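> Sharing a structure with you now.
The values are calculated or read from the model by the stated rules, or taken from the named source; none is laboratory data. Predicted model, so just to flag it, every value in this text is computed and none were measured. Ideal geometry is used to build each Cβ from the backbone, glycine not excepted, and the neighbour counts take in all protein chains shown.
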Amino acid sequence: MEDYGVLSILPPALSIALAIYTRNIIFSLATGAFSGALIIANFNPFMAFAEILENHAFEQLAVPSNTQVMVVMFTIGGFIHMLDKSGGSRSFAGVMVKFIGSPVKAQMASWMTGLSVFFTDSGNALIVGPLFKPVFRELKICREKLAYIIDTTAAPLSILIPFVGWGVYIMSLIENAYVVVGIDEEPLSVLLSVWPYQFYAFLALLSVPMILTTGKDFGPMVKAQNRYNQQLRDGILDDDIDPEEESKEPPKLSAVLLPLSVMFATMVIYMGYFAYMEGVKSVHVRAGICLSYLFASFACAYLMKKNQNKGYDESLGLFFEGMQKLVFMCMVLVLAWTLSSICGELKTGAYLATLIGDKIQPSFFPLIVFFLGAIMSFATGSSYGTFAILMIIVIPIAHTLDAPMVLTIAAVLSGGLFGDHTSPISDTTVLASMAAGCAHIDHVSTQFTYAAINGVMTMLAFVVAGFYQSPMIILGIIVVQFIVIRLAMAFYGHDARGDA
């Protein structure tokens, strides 16, 4: 095979540079892939188009596992939209409100409600925000605090669940990257191996109750609370609560219990059968997820017919509307597969590994990957775009350097999540500020201080894990983070209600 040398770096490098500059992941991936096709086609534009479509894009779409992933993603999108329209998500969240009796309980309830809406990261903000805005207003808690809780619960939770859209998407990227380097391993087993090393997701999720139970805040959040108190005293606070929405009774709890029960029962029965009979393979996982969400959608349609008198034709239309919302992510997947295939033919990973040589100790490679992922995700505002590009690059390098593969994948996920969480242009960050009803820049500034603690703890975790890889590391880091937060609150914290 031809040695492309330094040219093999161009496609991923161009994709990263354009992603940071344009903040458009589709354009960036497509341009990077086309540049690679140009190189393979000896810079003949006509043949480059033929190369990218015939030998890479079409071939990747023809791969059975990739086609299965697309079907699963569309099914998940359809179900989430139907559950939202049936009132199931709002019903599930409404149950949590009944346990509120104090500011701390209100904040803990918003966190727990966010944990219950695990099936969608973007929907999390749109469900929890409107539900808790009147509660926070009544208890005189600033909206920036609600935005922080929403944002810190949504994506960090979704990335830990293997059978939702994030899990399916990540498994697909892992499977394709492993094929490039010749590793034959089930993506589900890889993701489960990575699970205890997703340090940022765990630390971010657990930092919320760690902070809330102190009854204090520090940094910009204190200033936000004091500003909110002053606005309340001056009577100049805009009240954007919709009285009609606030007075609405939540739908029946069955609107969410029945679909989720059907989903889990289907998954347990289907996966349990294959686990007992022949062992669970990737195709079984994808089929089980697809059937589970499909049957759960049938349950939603039944409840909408019973409770809202909506016909099955209308429910089918809602299902297809939900599918449309996943088109963007599926396009990212197709382009990521295409770029990965092109980089595999160009031997990009192998060339980068020869450049690095012995300059980087394999134990420090995951830490470096975490930094790269955080910077790229912060600049682009896209964690899933960061995953798509970095998986292509770092897995072949880690394989060549004999760096810990599981830690490398975990570093991609943690870095992408941290950058996305702190980025002012991230869609989840924007949704959180919108749902909480606070100024976007205020949400970004108040959240950053808390997220930075999680980021520093994650860096420490990857340093330790690079030399001593053990799933138990997360427990030690959680304890360290707890101590750090307690000390920060003791020395710099102020009452979470400010001077109200």
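> Yes or no: the stretch 394-402 includes at least one residue that is closer than 24 Å to Leu326 by Cα and β-branched (Val, Ile, Thr). Explain how you work it out, then say what you get.
First, pick out the residues of the stretch 394-402 that are closer than 24 Å to Leu326 by Cα: none.
Within the stretch 394-402, none of the residues are closer than 24 Å to Leu326 by Cα and β-branched (Val, Ile, Thr).
> Let me ask another. Specify which of the listed residues (Ala147, Ala125) is modelled with pLDDT under 75, small (Gly, Ala, Ser), surrounded by 24 or more Cβ atoms within 10 Å (Cβ to Cβ) and out of contact with any strand residue (DSSP E or B) (no Cβ under 7 Å at 6 or more places or on another chain).
None of the other options fit; the residue is Ala125.
> Another question, if that's okay. Name the one entry in Leu303, Leu291, Leu316 that is part of a helix (DSSP H, G or I), modelled with pLDDT of 80 or more and over 19 Å from Val71 (Cα atoms). First the steps, then the outcome.
On the way: Leu291 fails: over 19 Å from Val71 (Cα atoms); Leu316 fails: over 19 Å from Val71 (Cα atoms).
Only one candidate qualifies: Leu303.
> Considering only the stretch 399-412, I want to know if a residue exists there that is touching a Gly at 6+ places or on another chain (Cβ under 7 Å) and farther than 30 Å from Ile342 by Cβ.
No, the stretch 399-412 contains no residue that is touching a Gly at 6+ places or on another chain (Cβ under 7 Å) and farther than 30 Å from Ile342 by Cβ.
> If you check Ile453, Ile409, Ile393, which single one turns out to be in contact with a Leu (Cβ under 9 Å, 6 or more places away or on another chain), under 23 Å from Thr22 (Cα atoms) and either part of a helix (DSSP H, G or I) or of a type in the set (Asp, Glu) (or both)?
Ile393
> While we're on this one: Is there any pair linking a residue in the stretch 409-434 that is over 12 Å from Gly455 (Cα atoms) and free of Cβ contacts under 8 Å to residues at least 60 places away in the same chain to one that is of a type outside the set (A, V, I, L, M, F, W, C) and buried (at least 24 other Cβ atoms within 10 Å of the Cβ), with Cβ under 7 Å and at least six apart or on different chains, and which?
What qualifies is Val412/Gly373; Ser423/Ser377; Ser423/Thr429; Ser426/Asp420.
> Being of a type in the set (S, T, N, Q) and surrounded by fewer than 16 Cβ atoms within 10 Å (Cβ to Cβ) is the filter; apply it to the stretch 289-318 and report the residue that is farthest from Pro162 (Cα to Cα).
Taking the stretch 289-318 as the starting set, the residues that turn out to be of a type in the set (S, T, N, Q) are 292, 297, 307-309, 315.
Keeping just the survivors that are surrounded by fewer than 16 Cβ atoms within 10 Å (Cβ to Cβ) gives 307-309.
Values: Asn307: 31, Gln308: 32, Asn309: 34 Å.
Taking the candidates together, the pick is Asn309.
> OK, next. Assess whether Ile441 counts as being buried (at least 23 other Cβ atoms within 10 Å of the Cβ) and either closer than 16 Å to Pro366 by Cβ or not aromatic (Phe, Trp, Tyr) (or both).
In short, no.
> Of these, Ile26, Ile52, Ile9, which one is assigned to a helix (DSSP H, G or I), of a type outside the set (Asp, Glu) and surrounded by 20 or more Cβ atoms within 10 Å (Cβ to Cβ)? Outline the logic, then answer.
Values: Ile26 fails: surrounded by 20 or more Cβ atoms within 10 Å (Cβ to Cβ); Ile9 fails: surrounded by 20 or more Cβ atoms within 10 Å (Cβ to Cβ).
Of Ile26, Ile52, Ile9, the one residue that is assigned to a helix (DSSP H, G or I), of a type outside the set (Asp, Glu) and surrounded by 20 or more Cβ atoms within 10 Å (Cβ to Cβ) is Ile52.
> If Asp3 satisfies every condition in (1) closer than 14 Å to Thr348 by Cβ; (2) assigned to a loop (DSSP other than H, G, I, E, B); (3) at pLDDT 80 or above but one, which is the exception?
(3)
> Looking only at the stretch 398-426, which residues are among the aliphatic types (A, V, I, L, M) and at pLDDT 85 or above? It would help to see each step written out before you state the result.
Here is the first cut: in the stretch 398-426, the residues among the aliphatic types (A, V, I, L, M) are 398, 401, 403, 405-407, 409-413, 417, 425.
Correct list: Ala398, Ala403, Met405, Val406, Leu407, Ile409, Ala410, Ala411, Val412, Leu413, Leu417.
> Which residue is farthest from Gln198 (Cα to Cα), if the candidates are limited to the stretch 450-473 and must be surrounded by fewer than 18 Cβ atoms within 10 Å (Cβ to Cβ) and of a type in the set (Ser, Thr, Tyr)?
Tyr468
> Looking only at the stretch 275-288, filter to residues that are touching a residue at least 12 places away in the same chain (Cβ under 8 Å) and hydrophobic (A, V, I, L, M, F, W, C); which one of those is surrounded by the most Cβ atoms within 10 Å (Cβ to Cβ)?
My answer is Val285.
> OK, next. Out of everything in the stretch 188-213 that is surrounded by fewer than 22 Cβ atoms within 10 Å (Cβ to Cβ) and hydroxyl-bearing (Ser, Thr, Tyr), what residue ends up being modelled with the lowest pLDDT?
So the residue we want is Ser189.
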